[in-house]
1. Starting from residues that are among the aliphatic types (A, V, I, L, M) and touching a helix residue (DSSP H, G or I) at 6+ places or on another chain (Cβ under 6 Å), keep the ones in segment B:309-327 and report whichever is surrounded by the fewest Cβ atoms within 10 Å (Cβ to Cβ).
2. Is there a residue being of a type in the set (Asp, Glu) and surrounded by 23 or more Cβ atoms within 10 Å (Cβ to Cβ) anywhere in segment A:117-135?
3. Could you grab me the full set of residues in segment B:154-194 that are in a loop (DSSP other than H, G, I, E, B), of a type in the set (A, V, I, L, M, F, W, C) and facing chain A (nearest Cβ under 7 Å)?
4. Filtering segment A:35-51 down to residues that are touching a residue at least 24 places away in the same chain (Cβ under 8 Å) and acidic (Asp, Glu), which residue is farthest from the other protein chains (Cβ to nearest Cβ)?
5. Please specify each residue of segment B:151-174 satisfying the condition of being polar (S, T, N, Q) and crowded, with 16+ Cβ neighbours inside 10 Å.
6. Filter segment B:139-153 down to the residues that are of a type in the set (D, E, K, R) and in contact with a strand residue (DSSP E or B) (Cβ under 7 Å, 6 or more places away or on another chain), then identify the one that is farthest from the other protein chains (Cβ to nearest Cβ).
7. With segment B:271-359 as the region, which helices (runs of 4 or more DSSP H) entirely inside it contain at least 3 residues that are modelled with pLDDT of 95 or more?
8. Kindly establish whether A:THR184 is within 14 Å of chain B (Cβ to nearest Cβ), surrounded by 15 or more Cβ atoms within 10 Å (Cβ to Cβ), in contact with a strand residue (DSSP E or B) (Cβ under 8 Å, 6 or more places away or on another chain) and hydroxyl-bearing (Ser, Thr, Tyr).
Amino acid sequence: MTSTLPSRKAIHLAAHFPGVNNTTVWTDPGSGSQIDFTSFEHLARTAERGLFDFFFLAEGLRLREHKGRVHDLDVVGRPESLTVLNALAAVTEKLGLAATVNATFNEPYETARRFASLDHLSGGRAAWNVVTSSDAFTGENFRRGGYLDRADRYTRAAEFVDVARQLWDAGTGRPVRHHGRHFTIEGDAGVPTPPQGHPVVIQAGDSAEGREFAAAAADVIFTRHGTLEAGRAFYADVKGRLAAHGREPEDLLIMPGVTFVLGDTDAEAQEKAAGIRRQQVSPQNAILTLEQVWGVDLSSYDPDGPLPDIDPVPDTGLSQGRTHRGDVFALAEKWRELSRAKGLSIRQTVIETTSRQSFIGTARTVAAEMDAFVQGDAADGFILVPHLTPGGLDDFVDQVVPLLQERGAFRTEYEGDTLRSHLGLRTPERTLTA
Amino acid sequence: MTSQPGRGLLHLAAAVDLAGTLDAEPYLRLVRLAEHGALDFVTLHDTFAAAGPDSLSVLSRIAPATSRIGLVPTVTTTHTEPFHVQAAVATLDWVSRGRAGWRPDVSPGDDEAALVGRRQPPAPADLWHEAGEVADVARKLWDSWEDGAEIRDVATGRFVDRDKLHHVDFEGRTFSVRGPSIVPRPPQGNPVVVVDATRPYAYDVAARHADVALVGIADPGQLATARAGLRRRAAEHGRDPDELRVLAALRIDLGGGERTARPGHGGGPLPTEEGPLYRGGPVDLADLITDWHRRGAADGFHLTPLDPRRDLERLVNGTVPLLQHRALFRTFYPGSTLREHLDLARPANQFAALAQESS
């Protein structure tokens, strides 16, 4: 053997279409349409040019509201994911196509059929990001309506995924009979078993229930980005849960969602990153972010002045459609402390605490840091969240991808045709229950 | 004048149903053929439990690979969520740049109900009542964003003008929806609604909600009467009847020869269980279409080929050129949206109109 490269873990990359929160900078002159198909096409083609594993779309079920009115400071509105992905299947050839579909406001039969359709029509490139959120506010748009107990969310989601897989396995001519706690289904799946066997299942969530659900049922876990140490701990914890479900460590990929800023020098990148954070946290957005924690109207406060002395009021329902979990008193105190220690205004505090990018630097710096994260077992890859539509991925693909390839950590061509093949996941064995 | 169907250009649509076909390519070939013939739109049938991919997914897959032709999938309303249905149809309009329609249908079968754990579906009259409500709420949700709601006002930091976003607060018999939609108002304002008016219990849904009503009647005189009746009923619902296109729905079997075994179009189409069936050559079909159109029987035709690959090719290369030669059918698409092909106005926004009245 003449090869001197040590064997490296292959990095997996995915692209997240810029979403409806303040990560997406719509005020930038380079910011294009969030709804025209050309924007989706540009980002998906860029991701495919960069040999990414998949393209990811989030889901909207209710426009966010603040103080009883539609929240107007961030991007509002988006298309229905599966319809866009089927259209993108026409303009891409290898790229995986991932749609977020809620397990609470859908039925397993129809969801299984729609993902089987995408998998057939794309030649085996479909992925389903299963989310379990459920609240009365969102439920007002749906037949099923309101609330699902937090514990029930995951049992419903687990049963939902299980039924979908039974339907995919059964294909046509072999009826499925399922009588469970949440669903009763009898009949033929209608669609033959999809090319991938099962479309790839992604699960997002860092909670203990979420981790356990992912370990039992998911192929990819979409997590939050933290420090290398925190990433390692999460990685070890989740991978450690797999054996109990009869699964191998490589059966579940861990992919944190990350942001990035590139520059010609590290210093220039830092400067750019700070500028983007100021764009992301406008004065109005700073007050809004504070109100989401404090739960009360703070419109009389000066965004360039000090933080409020009053304490938060939990569960006022001031902001709907995006919930702040956890202890708001502790969070408010932490922010006040930071503000006092560093002499930061409201806006500066929000910038400091909420919007720091994951990777900042030259292409070389970012490639090295990403590689270290993966080789250090803090992740298997990343879901990149650009801050600009539709050009936010261009520089990354042109500059960082070649350096990752140079390091021997990223593919130089697609080896297979299906998303499972890109992710190194085996085709599931068909289990026929009927 | 659209109220005089014999005088204007006629409208042509075709079904591209390919039972059990899973790949996009065969559908794409048919839709491109139909687009080559400058047809107004294609339909793709579906049921809640049909074999094969769902039709809205197929036509989304087709959209970027075509440029002018309208795309009308069947979407069922019985076991689906109205909010998801309208969002998907609006998105088809976005990805096709204004070429989407939908054909609401119901799921009356016990087998379909069993797939969602329901013991039996509601009675057919109730199913169509619900389908009408879904068509109604879909329009409201498409209008829940006014045109120009996205303002991107950097000075005030506002991406949208929320005075132009509306809760719809729809209360139906079987569901309610608060709104607004998640999807901005689609390019056509409202994608085109196509209803099979001859389906039992669907007549009133067509008169109330359809932009295009399909009527399967084998006799041109009776068809003209049915058209007049639908227009009258639409007017009773407060609609402008000229905003409703009535198309004759025919199944076609264009066989192998230029002309039918019997010369001329003989006795015309035969009534069958699944609607009138026309058997003959492409030239005879052109004669029949010409004759019915001049008699004012319909504003156009929706043709369902028995053998799509063969019959659509014969329709586009045999029948359509004759109709074009007789100046009854367009030779190219002057417009780019399905509404433009159908000569239907882009609808005013119902919430914007309300806001103006109250100010």
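1. Among those residues, the one meeting the criterion is B:LEU322.
2. Yes, that holds for at least one residue.
3. Answer for segment B:154-194, where residues must be in a loop (DSSP other than H, G, I, E, B), of a type in the set (A, V, I, L, M, F, W, C) and facing chain A (nearest Cβ under 7 Å): B:VAL154, B:PHE175, B:ILE182, B:VAL183.
4. A:GLU48
5. none
6. B:LYS140
7. Where helices (runs of 4 or more DSSP H) fall fully within segment B:271-359 and carry at least 3 residues being modelled with pLDDT of 95 or more, they are B:282-294, B:308-314, B:320-325, B:338-341.
8. So A:THR184 fits the description; yes.
The values are calculated or read from the model by the stated rules, or taken from the named source; none is laboratory data. Remember, predicted model here, so these are calculated numbers, not experimental data. Positions of Cβ are generated from backbone atoms using ideal geometry, with glycine treated the same way; all protein chains shown enter the neighbour counts.
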